[in-house]
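Structure first, then comments.
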Amino acid sequence: MTQGIPLARLENYTTFQLGGPCKLLVECPTPESLMACVQEFHRQSMPFILIGGGSNLVVSDEGLPCAVIRYASATPLIERDGCDLTVSGSTELDALALYCVNEGLSGLNFATGIPGTVGGAVIGNAGAWGQQVGDVLTYVTLLTRSGKLHVINRTECGFQYRHSKLKETGEIAMNIHFHLQDADPLELAQERMEILKKRADKHPNLKTHPCAGSFFRNV
């Protein structure tokens, strides 16, 4: 049986700080742990819901009658090969943006300060300042609900404004592959500071105020 936290209250795992208990919560910070958990749940015919950083989620105070897998990691899981990155979907999106600044890679600085995980950002094609995740993604390694792997490219993701076809399929963005461009780390750092200031002026601190940042669609 998969080890986890029985009757974990989801208010402790969402940025809105809302949500009653779930049947079982399993923390899966790595792709390997995620795949093992999904495969075991499939063998047990156990229904589950997958969450990442818990942003943009409103969970009932009555809780959920199923298991929850939390695919999130406090440690960025990133591999670099030149201007190409392979990133675990559990990595925090802002942590990836900061990594790119430090490494002198442009293309994801717009993601500075956006809450949630990279996997969640791909599912919703997260973006800001006229840019979006789908612009720099090359392909995604997906995990099906039965625990099988397959790969699709950017075109097959069906990216639209704040949308991808993965919202309909229910597949999990396990690993994401990006192609970025070389840039001056100092210029990227300055841009990051400016973005963080703009966000601080508009949005409350997620760590002290129940909130999900900016989640409304532009008209």
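Hey, among 8, 36, 72, which residue is without any contact (Cβ under 8 Å) to a residue 40 or more places away in the chain and of a type in the set (A, V, I, L, M)?
Selected residue: 36, the only one of 8, 36, 72 that is without any contact (Cβ under 8 Å) to a residue 40 or more places away in the chain and of a type in the set (A, V, I, L, M).
Mind checking whether some residue in the stretch 98-108 is without any contact (Cβ under 8 Å) to a residue 24 or more places away in the chain, among the charged types (D, E, K, R), open to solvent by 60 Å² or more (accessible area, probe 1.4 Å) and out of contact with any Phe, Trp or Tyr (no Cβ under 8 Å at 6 or more places or on another chain)? Step through it out loud before you land on a result.
Filtering the stretch 98-108 for residues without any contact (Cβ under 8 Å) to a residue 24 or more places away in the chain gives 99.
Cutting the leftovers down to among the charged types (D, E, K, R) gives us none.
Looking through the stretch 98-108, none of the residues is without any contact (Cβ under 8 Å) to a residue 24 or more places away in the chain, among the charged types (D, E, K, R), open to solvent by 60 Å² or more (accessible area, probe 1.4 Å) and out of contact with any Phe, Trp or Tyr (no Cβ under 8 Å at 6 or more places or on another chain).
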Check your understanding: Which residues, taken from the stretch 2-14, are crowded, with 18+ Cβ neighbours inside 10 Å, assigned to a loop (DSSP other than H, G, I, E, B) and aliphatic (A, V, I, L, M)?
Key -> 8
Exercise for review: Could you list all residues from the stretch 73-95 that are of a type in the set (A, V, I, L, M, F, W, C) and surrounded by fewer than 23 Cβ atoms within 10 Å (Cβ to Cβ)?
Suggested key: 74, 77, 78, 83, 95
Practice item. Scan the stretch 72-80 and give yes if some residue there is of a type in the set (Val, Ile, Thr), farther than 22 Å from residue 156 by Cβ and assigned to a loop (DSSP other than H, G, I, E, B), otherwise no. Key: yes
Practice item. Of the conditions (1) more than 30 Å from residue 197 (Cβ to Cβ); (2) open to solvent by 10 Å² or more (accessible area, probe 1.4 Å), residue 143 clears all except one; give me its number. Key: (2)
**Study point:** Pair list, Cβ under 8 Å, 6 or more apart: the stretch 45-58 residue closer than 15 Å to residue 122 by Cα, other residue of a type in the set (Phe, Trp, Tyr) and open to solvent by 70 Å² or more (accessible area, probe 1.4 Å)
**Key:** 55/215; 56/215
Review point. Taking the stretch 112-140, which residues are assigned to a helix (DSSP H, G or I) and either open to solvent by 20 Å² or more (accessible area, probe 1.4 Å) or under 20 Å from residue 57 (Cα atoms) (or both)?
Key: 118, 119, 120, 121, 122, 123, 133, 135
Check your understanding: Does the stretch 186-197 contain at least one residue that is part of a strand (DSSP E or B), more than 14 Å from the chain's Cα centre (by Cα) and in contact (Cβ under 8 Å) with a residue 24 or more places away in the chain?
Key -> no
Review point. Taking the condition open to solvent by 40 Å² or more (accessible area, probe 1.4 Å) and in contact with a Phe, Trp or Tyr (Cβ under 9 Å, 6 or more places away or on another chain), does residue 52 pass?
Key: no
Practice item. Output the residue which, of all residues in the stretch 75-97 that are touching a strand residue (DSSP E or B) at 6+ places or on another chain (Cβ under 7 Å), touching a residue at least 24 places away in the same chain (Cβ under 8 Å) and of a type in the set (A, V, I, L, M, F, W, C), is nearest to residue 111 (Cα to Cα). Key: 93
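For the stretch 15-45, name all the residues that are in a loop (DSSP other than H, G, I, E, B) and of a type in the set (D, E, K, R).
none
I'm checking my understanding of the structure. Among residues of the stretch 15-35 that are of a type in the set (S, T, N, Q) and at pLDDT below 95, which one is least open to solvent (accessible area, probe 1.4 Å)? So that I can check it myself, show each step before the final result.
In the first step, residues of the stretch 15-35 are kept if they are of a type in the set (S, T, N, Q); the result is 15, 17, 30, 33.
If we keep only those that are at pLDDT below 95 too, we end up with 15, 17.
Details: 15: 24, 17: 86 Å².
Ranking the candidates gives 15 first.
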Point to revise | Pairs, first farther than 23 Å from residue 82 by Cβ and of a type in the set (Ser, Thr, Tyr) in the stretch 152-180, second surrounded by fewer than 15 Cβ atoms within 10 Å (Cβ to Cβ) and at pLDDT below 95, C-beta under 9 Å, six or more apart | key: 161/217; 161/218
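The values are calculated or read from the model by the stated rules, or taken from the named source; none is laboratory data. Bear in mind the structure is a predicted one, so any value in this text is a computation, not a measurement. Methodologically, a virtual Cβ is constructed for each residue, glycine included, from the backbone with ideal geometry; neighbour enumeration extends over all protein chains shown. Surface accessibility is based on the protein's heavy atoms, side chains included, excluding ligands, DNA and RNA. Shrake-Rupley method; radii C 1.70, N 1.55, O 1.52, S 1.80 Å.
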